[in-house]
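As structure tokens, the structure follows; a few thoughts come after it.
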Amino acid sequence: MSIASKPVVLGYWAIRGLAQPIRMLLEYSSIPYEEKRFEQGGAPDFDKTCWTDVKDTVLGDYPFPNLPFLIDGDITVTQSNAIVRHAFPPRHDGHRSGAEGMDLRNRTVGLAYGRSGKFEDAVPAYAAALRTHLQRYSSFLGDRVWFAGGELTACDFVMYELLDQNALMVPSCLEGFPTLKAFCARFEALPAIKASKPQFTEHTDRKGG
């Protein structure tokens with residue numbers, strides 16, 4: 001992260017989505033930031049002209065405009081994982097848990113932000129598949145404090161958000177996984193996260209949005 005003379009700008013939809021780990025990272029790192037939120041239209045079309053109308057100009061001549069984006073002084077970064085690495089450079093190899101996390105995140109996005117309008121109908125099958133993923137995460141975490149070892153890394157912010165979002169959609173999903181519940185409790189107890197967590201509720205609805 002560069003040392004900018006003014007707050008960085010985080011651009012994303014007005015939901016928690018892929019930007020939530022980034023928000024937590026910025027809060028944890030005490031990096032001043034402003035949000036530029038794009039409000040989609042309502043169901044079933046979810047009109048996105050709020051973004052598409054400005055997509056080619058909002059980032060100047062940056063060749064890859066996308067959401068989320070981060071403007072850090074003269075540096076512009078898009079794609080959520082790239083922004084996470086920019087805000088909190090990795091110190092350890094967390095590729096295995098990261099790759100498995102991407103698999104579940106794709107499923108989570110499909111359920112939480114799907115257009116079918118049949119969220120409740122889709123939950124039972126999703127919950128069954130979710131347990132398999134959680135077992136893998138539990139085995140990977142083992143008796144470590146954090147997913148990459150004894151030191152907090154960017155991976156933990158992404159994994160916490162994934163677990164928290166799924167616990168919102170499937171409230172009992174962490175039952176039977178005491179190490180994952182303990183991980184979430186440790187993360188939530190971090191002073192910067194504990195202090196900033198209430199503000200994140202504005203991005204949350206019953207589906208984890």
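Quick note: the coordinates plus some simple rules give every number you see, no bench work behind them. The structure presented is a predicted model; accordingly, all values stated were derived computationally and were not measured. Using ideal geometry, Cβ is built from the backbone for each residue, glycine included, and neighbour counts are taken over all protein chains shown.
Quick look at the values:
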| read-out | value |
| --- | --- |
| A129-A189 pseudo-label distance in nm [points 7 Å out on the Cα-to-Cβ vector] | 3.4 nm |
| 13 Å beta-carbon shell around L10, net charge (K/R +1, D/E -1) | 0 |
| Förster radius 22 Å - calculated FRET efficiency between E39 and I75 (Cβ-Cβ, nearest 0.05) | 0.25 |
| Diffusion constant of the stretch 8-87 at 25 °C, which comes from Stokes-Einstein with the Kirkwood Cα-pair radius and 0.890 mPa s, µm²/s | 188 µm²/s |
| Gain on full stretching of the segment that runs from F64 to T179 - 0.36 nm per residue minus C-alpha separation | 37.5 nm |
